[in-house]
Amino acid sequence: MKLHQLSNVRFLTIFVAIAAPFAAAFQDNGGAAPTKLDAAAIDAMFDQAWTAAGLKAASPADDAEWLRRASLVLNGVTPTADEVSAFISDHSQGKRGKKVDEMIARAEFGEHWGDEWTRMLVGRGARMQRFDRNGFTEWVEEQFNKNVPFNEFTKNVLTASGRADDNPAVGYIEKWQAEPKDLAGQTAKVFLGVQIQCARCHDHKDQQWKQSEFNDFAAYFAMTNLRRAGDADGKPIFEVRDQPEPKRGKAVGKIAKKALEERAKKAKNPEAAQKMMEKAELTSATPTPLRPLAEGPLAMPNITEERNHSQDDTKADDTKDTQVEMSRREQLAAWITKQGNPYYARSVVNSTFARMFGYGLINPTDDFRSDSTVAVPALLDALAKDFEQNGYDYKRLVATLAKTKAFSLASAGDAKEKEEARESHEKMFARYVMRPMSPEQMFDSITRATGIDEVAEERAKKLKNPGKAKKGQMTGEKIAEMYGKVRQGAIRKFVTTFEDDESSEDISFEGTIPQALLMMNSRMITDSMSRGMTVQRVMERGNDKIDWVYLSILSRKPTSDERAKSSAFLQKNGGEKKETIEDLAWALLNSAEFSTIH
Amino acid sequence: MSYNPFLEALGESIDQSSRRAFLKLAALGGTTAVLYENAVGAIPTWIRQAQDTKVAAKAKRCVFLYLQGGPSHLDTFDPKPGHPNGGEFKAMDTSVDGIRISEHFPKLAKEMADLTIIRSMTSKEGNHDRGRYLVHTGYAPQAAVQHADIGSILSHELGNPQFDLPAFVSVGGGSSAGGYFGSQHSPFVIQRASSPLEDVALPTGVSKDRYEERRKLLKELDTKFGKKTNSAAVEPHENIYKRADRLMKSPLLAAFDINKEDEKSRDAYGKDEFGKGCLLARRLVEVGVTCVHVSLNGWDTHQNNFPQVEKLSGILDSGMSQLIRDLRSRGLLKDTLVVCMGEFGRTPRINGNGGRDHFPRTWSAVLAGGGVKGGQVIGSTTDDGMDVKDHPVTIPDLYRTLGAGFGIDTTQVNFAGPRPITLVDKAGKLVPDLFA
């Protein structure tokens, strides 16, 4: 049973009661410089929430479990055996906090979080790519490694123009083919945590958005066009550009619309014609921000009055010095990233929280509604406010959350515990939520655990200079490209959801048969084990071979019982030779423990 | 409640809320009920069920031949030679009087007595991804829900969890996934019917004994981890490994090897991958697989429509007709439903590049077996092929009806996360006369 199938009513009643004092604490600080939220403040909120709910927090995770978790969450990959070994024998104070800072500074931070946000923005990508996904991904990764303020990143994604080979940030508009309605739905979902697509075709009785609201929001993208600007290496290069705004006079606007309609009538392809008509319609619509929710835990009453003026406000703010009018996309980006936007900061911190803790404070993370329930509402508001007021510092957000007590709790439950108790603990983060790795985490961790990543990197480094490559030998770049392809292919096998552009937020432990077969029998696994550095290094060790197999693959030392059992296994199957070590490694690599974040 | 001629005819008024009245109405059969539904709107669930039971549930297995890219109805099963939109192909007679199909389906023409052609398919999804999603799940894409593929629904409803092979196999890609039923109902995907199954054989150098030792160790590890963590993660992990293990060892694995078929019967399906996929589909349903999905890609003919469609028609003609013949001669056609369609149709008007573009407004689907009435055409399009003239059939209509053919109540509610959802979109109405 999945967590969000549970009744939320119980949680709601508890948390409405405790939310008020916290919300008040963050509401008014009399114009003083905002204090930065730290892990201790978050711990206090969790403690109070757990007490109120009658939950007992799990015991802390041990160092090895914590390090593996931190590494997967912050860097997207399990730690190396050396790192685990050094960390568990380090007895200095505050080593976990230091480790968080170290991990945040690694290039793997941007690679992992860039991957996550790329997936949210443009999906994993079906087989046939219409745009340069790699170029876009690299750009996103760079933004996270440079720690570009998240509001700037958001603006860049939404407002980028130009050729894809000059400005890879246009990838988002390119991926969605500059389709206003697709872009409206996706933008609301990713940056605002609301599902407005349902209102795309008509009004629904049970949905909170009206079709007119959807269209007015989509109008922000109505002036944006995509055209083929040329070719490079036989692949088309696209360019994103905004057309000038039609003059505001009613008659002129009507004429522009009429011209588009005339063109649409002449189009031979009814689909293209329909799109042109839609765009014509949206051209004359007035781009309008989404209204805040009127009720429920996400309602922000003080913003309601602001809504009607927000458009003018943003214009006034940003056009003070220049006489240039903002494009519709710029107006949208300005509204989204404006402090006090009822959705943006909450949605971004909530999506980030979910990727670190297994669930969001609101679930699903991309469907905020009037009847949403919030676990620890005060925390959501505090995180959002802190994010807004301290420069949308993404690295700080992730680091602060990683340093909390909740992030350090064990994931194991009491053996006698009932399923309901487990779920209530997990839903309130009184225990760390065990969940499967993402396909990307899985692939990268397999290469790390087997040590095949080192072999690939070494080869790539040696062959970096194409001049030195012997005839028929591959260059480093070629190897990197091939590695990327192998990774994509393997990841696709691990993707359990629909193989297209939607990425599901569901946590499901059920793998598929092909995945199990791949893990047990594939050449990828067999070769990684026999050629990777792990088994080779283990063979060079003395009487602690078993420990190093465990450290390399499960990122922990074996218990004495496991050591004895593994030893018996090795003895029974021919002693400590390469083959039997591989058998042990195989079993650890295929275990439920390996494939989960815990 | 408004005046209702059908109830009037029964001599009872709907205000009496008489359950009997509804049942009587349902007893009149599908056609009346659909007329009724058109007249007054929604019918309560219990009367829907009463109706659905009117369809004799004979189907037990399904083969879905997916024409990826979307073929034109005018170039395939709804020819209009003589009209400018009709294109270059002629129509030919079939074994059933009065039903004509494209001249490039000579073999299928002989099987017409077992086929139903629906010429009035219609949808609103003119984009490949959205159309593909619709024809595979029965729902238009909705952001927050992953619907289940029809094969996954069949796997969930009819599949035997103790069976060695996966209940749902997809050949050549294109199908959707288990959605809210979970990935254990996702298709087992085979890229090429002619390639050996991936990763079912033990790696080189690993003997059976060694594998069993590894498995034993793995089981111990997982059991311990499960006890230690009391987590929901472990049991499904073990289950999927058990199923993978069972598949690796199953004698039924031979069904995946089409080379076991003699050359003559192999050739009858055609030497292309689609033909091989049809052969594989037959071999799999024969041993008990519930649903096989086979893709024939290439129908997205924005340019040079006619040479391309001629070629594809030949491939489809051989593969599908031989599949039907083989199923029939093995006594399997009576309970194996064969569905053949794309994600939408193509524009009746031919574009400047000799191609046809996306057109969801009218298209055709072909069905056979599993209790489907043969030798008939349902619905029709206007002379220019632009509109459905009568009996429009949507994908939810079709799937609700096919569900009834399998004895599945498609109005049952499942949960996708917190959202209640019926197996097939509630808008679906029974298509009258599809089943015998």
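What the table below lists for this structure:
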quantity	calculated
Search result, residues across region B:77-90 that are surrounded by fewer than 18 Cβ atoms within 10 Å (Cβ to Cβ) and touching a strand residue (DSSP E or B) at 6+ places or on another chain (Cβ under 7 Å)	B:P81
Tally, over region A:98-156, of residues that are out of contact with any helix residue (DSSP H, G or I) (no Cβ under 8 Å at 6 or more places or on another chain) and within 25 Å of A:V84 (Cβ to Cβ)	3
Residues of region B:133-147 satisfying the condition of being in contact with a Ser or Thr (Cβ under 9 Å, 6 or more places away or on another chain), at the interface with another protein chain (Cβ under 10 Å from one of its Cβ atoms) and under 26 Å from A:V194 (Cβ atoms)	B:Y133, B:T137, B:A140, B:Q146, B:H147
Residue identified as within 14 Å of another protein chain (Cβ to nearest Cβ) and under 19 Å from A:V376 (Cα atoms) among A:K418, A:K427	A:K427
Residue match in region B:245-254 (condition: within 7 Å of chain A (Cβ to nearest Cβ) and either free of Cβ contacts under 8 Å to residues at least 60 places away in the same chain or among the hydroxyl-bearing types (S, T, Y) (or both))	no
Those residues of region B:393-404 which are buried (at least 22 other Cβ atoms within 10 Å of the Cβ) and assigned to a helix (DSSP H, G or I), in sequence order	B:I395, B:D397, B:L398, B:Y399, B:R400, B:T401, B:L402, B:G403, B:A404
Subset of region A:538-560 [assigned to a helix (DSSP H, G or I), under 21 Å from A:F443 (Cα atoms) and more than 13 Å from every other protein chain (Cβ to nearest Cβ)]	A:W548, A:L551, A:S552
Those residues of region B:235-293 which are basic (K, R) and over 16 Å from A:L517 (Cβ atoms), in sequence order	B:K260, B:K264, B:R266, B:K271, B:K276, B:R282, B:R283
Matching residues in region A:177-196 - criterion: being surrounded by 23 or more Cβ atoms within 10 Å (Cβ to Cβ), more than 12 Å from A:L290 (Cβ to Cβ) and hydrophobic (A, V, I, L, M, F, W, C)	A:L183
Test result for A:A354, surrounded by fewer than 20 Cβ atoms within 10 Å (Cβ to Cβ), within 14 Å of chain B (Cβ to nearest Cβ) and under 21 Å from A:A49 (Cβ atoms)	no
Flag for A:A160 being away from chain B (no Cβ under 14 Å), at pLDDT 90 or above and in contact with a Phe, Trp or Tyr (Cβ under 9 Å, 6 or more places away or on another chain)	yes
Residue ranges of helices (runs of 4 or more DSSP H) in region A:371-433 with at least 2 members free of Cβ contacts under 8 Å to residues at least 24 places away in the same chain and surrounded by fewer than 19 Cβ atoms within 10 Å (Cβ to Cβ)	A:419-427
Contacts under 9 angstrom Cβ, first residue in region A:577-595 being under 14 Å from A:D527 (Cα atoms) and within 7 Å of chain B (Cβ to nearest Cβ), partner part of a helix (DSSP H, G or I) and among the hydroxyl-bearing types (S, T, Y), 6 or more apart	A:W586/A:T526
Whichever residue in region B:148-175 is in a strand (DSSP E or B) and over 12 Å from the mean Cα position of the chain (by Cα) and, among such residues, is nearest to the other protein chains (Cβ to nearest Cβ)	B:V169
Residue check, A:D203 of a type in the set (D, E, K, R), touching a strand residue (DSSP E or B) at 6+ places or on another chain (Cβ under 6 Å), surrounded by fewer than 24 Cβ atoms within 10 Å (Cβ to Cβ) and outside any helix (DSSP H, G or I)	no
Test result for B:V55, more than 15 Å from B:S364 (Cα to Cα) and in a strand (DSSP E or B)	no
Filtered residue count, region A:55-84, keeping only those that are part of a loop (DSSP other than H, G, I, E, B), closer than 14 Å to A:K405 by Cβ and charged (D, E, K, R)	1
Contacts under 6 angstrom Cβ, first residue in region A:152-166 being in contact (Cβ under 8 Å) with a residue 40 or more places away in the chain and more than 16 Å from A:G391 (Cα to Cα), partner of a type in the set (D, E) and not in a helix (DSSP H, G or I), 6 or more apart	A:R163/A:E239; A:A164/A:D132
B:Y269 in contact with a Gly (Cβ under 9 Å, 6 or more places away or on another chain), among the aromatic types (F, W, Y) and at pLDDT 95 or above	yes
Residues (of a type outside the set (S, T, N, Q) and in contact with a Lys or Arg (Cβ under 9 Å, 6 or more places away or on another chain)) located in region B:225-238	B:A232, B:A233, B:V234, B:E238
All positions within region A:112-157 that are modelled with pLDDT of 95 or more and acidic (D, E)	A:E141, A:E142, A:E152
Only listed residue being more than 7 Å from chain A (Cβ to nearest Cβ), surrounded by fewer than 20 Cβ atoms within 10 Å (Cβ to Cβ), within 30 Å of A:S59 (Cβ to Cβ) and more than 38 Å from the chain's Cα centre (by Cα), chosen from B:K224, B:K228	B:K224
Residue within region A:588-595 that is modelled with pLDDT of 95 or more, closer than 13 Å to A:G451 by Cα and outside any loop (DSSP other than H, G, I, E, B) present	yes
Sole exception among (1) over 30 Å from A:I597 (Cα atoms); (2) more than 28 Å from the chain's Cα centre (by Cα); (3) among the charged types (D, E, K, R) for B:K242, by number	(1)
Per-region count, region A:561-576, residues without any contact (Cβ under 8 Å) to a residue 12 or more places away in the chain, surrounded by 14 or more Cβ atoms within 10 Å (Cβ to Cβ) and outside any helix (DSSP H, G or I)	1
Members of region B:121-132 that are more than 9 Å from chain A (Cβ to nearest Cβ) and either buried (at least 19 other Cβ atoms within 10 Å of the Cβ) or touching a residue at least 24 places away in the same chain (Cβ under 8 Å) (or both)	B:M121, B:T122, B:S123, B:E125, B:H128, B:G131
All positions within region A:510-529 that are polar (S, T, N, Q), part of a helix (DSSP H, G or I) and facing chain B (nearest Cβ under 9 Å)	A:Q515, A:N521, A:T526
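Table: residues versus (1) surrounded by fewer than 24 Cβ atoms within 10 Å (Cβ to Cβ); (2) at pLDDT 95 or above.
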| residue | (1), (2) |
| --- | --- |
| B:K54 | yes, no |
| B:Y66 | no, yes |
| B:G69 | no, no |
| B:L74 | no, yes |
| B:K107 | yes, yes |
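The values are calculated or read from the model by the stated rules, or taken from the named source; none is laboratory data. Predicted model, so just to flag it, every value in this text is computed and none were measured. Note that each Cβ is placed from the backbone with ideal geometry, even for glycine, and that neighbours are counted across all protein chains shown.
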